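Just below is one structure, and these are the notes that go with it.
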Amino acid sequence: MGRLSCLLFSCVLLGSSLLAGCAASNTPDEPEGTRVEVNFGDRHRCSRISPEITVYNPPRGTSYYEVRVSLVGTSPERYIGGGRWVYGGVNSDGADIIPEGGLLNMYRSPCPSNPSEKTYRYTVYCMSKDSSQPLAISDYLITLE
């Protein structure tokens, strides 16, 4: 059975408040420990510059990542944009990094147009070149104020 872990933090950037929370979830087919973190800052709001995304413990066989950004609270969740990044291998702490600005073409960042549009989901799919089924799926939620 999957588990849900959550981290909550807040920061103040350039006089505007940004509250961000994350939810990293494991699904039944996801290896224990695979999770993502998104380093979202004020420069990424309403921008075409993707934030740095860290993928911890991607499963063996990962060839690339598919990233989707969607607006939470709509039914179905509204797709904002996303992109693809080629797997680079893990560093000494078991993490792979999608660098800031690495998601091109289809990427659009969260840009709330009204007060009800404030929670966004970054979903990272760990993909193999040999299958169309994800090896792992992890989410990270951000809430913009």
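Work out how much length Arg48 to Ser113 would gain on full extension: take 0.36 nm times their residue separation and subtract the Cα-Cα distance, in nm to one decimal.
The Arg48-Ser113 span can extend by a further 21.8 nm.
Return the long-range amide H neighbours of Ser63 (sequence gap of 5 or more, or a different chain), with a cut-off of under 5 Å between placed amide H atoms.
Hits under the 5 Å cutoff: Met127, Ser128, Lys129.
I'd like the FRET efficiency for Asn91 and Arg60, computed as 1/(1 + (r/R0)^6) with the beta carbon distance as r and R0 of 25 Å, rounded to 0.05.
Numbers: r = 16 Å, r/R0 = 0.63.
That pair, Asn91 with Arg60, gives E of 0.95.
So for Val86, Val69, what's the accessible-area order with a 1.4 Å probe, most first?
I get Val86, Val69, largest accessible area first.
At a probe size of 1.4 Å, how large is the accessible area of Thr74, to the nearest 10 Å²?
Surface open to solvent at Thr74 totals about 50 Å².
For Ser132 and Asn105, compute 0.36 nm times the residue count separating them, minus their Cα-Cα distance, and round to one decimal in nm.
Value of the extension gain: 7.6 nm.
The values are calculated or read from the model by the stated rules, or taken from the named source; none is laboratory data. A quick note: this is a predicted structure, and the numbers were derived from the prediction, not measured. Heads up, the Cβs are rebuilt from the backbone with ideal geometry, glycines too, and the neighbour counts pull from every protein chain shown. Remember, those area values only see protein heavy atoms, side chains included, never the ligands or the DNA or RNA. Shrake-Rupley method; radii C 1.70, N 1.55, O 1.52, S 1.80 Å.
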